[in-house]
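Peer 1: Sharing a structure below in structure tokens format, with a few things to ask.
The values are calculated or read from the model by the stated rules, or taken from the named source; none is laboratory data. This structure is a prediction, so every number in the text was calculated from the model and none was measured. Cβ placement follows ideal geometry from the backbone for every residue including glycine, while neighbour counts extend to all protein chains displayed.
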Amino acid sequence: MQLAAQMHMVQHQFRASSNGWPLIQVGPSIFTLNQTEAYDWEGDLRQRAISAVEAFFKAYPKSETLGIDSILLRYIDAIDFDWEKEHLLDFLDRKLKTKIALPPSLFTDTRVGPSPVALDFTSSFRCTEPRGLVHLRFASGESRGKRSLIMETMVQSTEADVPQMPQGFAGWLDAAHGIPSTWFRLLTEGDLFRSFQGG
């Protein structure tokens, strides 16, 4: 979860323990809450985000003058992928119901292999509840020291789409959370989804 204005420079970090999670970061025009381990939306993260925003507005001098021009909820999921043995575009099709295709002629008699060794694909869609944009990104990356396929799902409201803060934040957060939660389940449905559930 991220609130932002025009400048984005983290100056302070707050953790319950050294290198522990969650992590709150604050700086000129930026306020973020990050959770990497022990993710629990209903049991912890939702209320923690709401409480953090309320505390931020209470602590901010003349908070009634504070203009928030962007709110972003971002989920980053790392997916195991064997970059040496598997064909990335086939994997996206089979495991993530996502078709990204290039003309086969590009790889015929050109001495170019058809399986990408890296990827960065982003698409954005308008959303009415909450108002704003939904971004879906697939990219090559790293997780726990291992090359992985990274899937990011982001819900972002900017400028006039930002709700009245802080009172409108909880409603925005609930609506925003429903999208990546549903999209993740639909995209990974099957054995990939079960692998994230530990079964």
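Peer 1: Only one of (1) part of a loop (DSSP other than H, G, I, E, B); (2) free of Cβ contacts under 8 Å to residues at least 60 places away in the same chain; (3) not aromatic (Phe, Trp, Tyr) is not met by GLU64, so which one is it?
Peer 2: If we test GLU64 against (1) part of a loop (DSSP other than H, G, I, E, B); (2) free of Cβ contacts under 8 Å to residues at least 60 places away in the same chain; (3) not aromatic (Phe, Trp, Tyr), just (1) comes out false.
Peer 1: So, in region 152-199, exactly how many residues are assigned to a helix (DSSP H, G or I) and not β-branched (Val, Ile, Thr)?
Peer 2: 26
Peer 1: What residue, among those in region 142-197 that are of a type in the set (D, E, K, R) and under 19 Å from ASN34 (Cβ atoms), is surrounded by the fewest Cβ atoms within 10 Å (Cβ to Cβ)?
Peer 2: Here the answer is ARG144.
Peer 1: It is to be established whether one or more residues within region 127-143 are touching a Gly at 6+ places or on another chain (Cβ under 8 Å), in the same structural domain as HIS177 (by TED's automatic domain parsing) and assigned to a strand (DSSP E or B).
Peer 2: Taking every residue of region 127-143 in turn, none turns out to be touching a Gly at 6+ places or on another chain (Cβ under 8 Å), in the same structural domain as HIS177 (by TED's automatic domain parsing) and assigned to a strand (DSSP E or B).
Peer 1: Out of all the residues in region 90-133, which are of a type in the set (D, E, K, R), surrounded by fewer than 10 Cβ atoms within 10 Å (Cβ to Cβ) and under 21 Å from the mean Cα position of the chain (by Cα)?
Peer 2: The answer is LYS99, ARG126.
Peer 1: While we're here: Do we find that ARG111 is assigned to a strand (DSSP E or B) and of a type in the set (Lys, Arg) in this structure?
Peer 2: So ARG111 does not fit the description; no.
Peer 1: With (1) under 17 Å from ASP77 (Cβ atoms); (2) touching a Ser or Thr at 6+ places or on another chain (Cβ under 6 Å); (3) aliphatic (A, V, I, L, M) as the list, and LEU133 as the residue in question, which single condition is left unmet?
Peer 2: (1)
Peer 1: Next up: Can you tell me which residue in region 26-61 is nearest to the chain's Cα centre (by Cα), limited to those that are within 15 Å of ARG74 (Cβ to Cβ) and among the hydrophobic types (A, V, I, L, M, F, W, C)?
Peer 2: The extreme case among them is LEU33.
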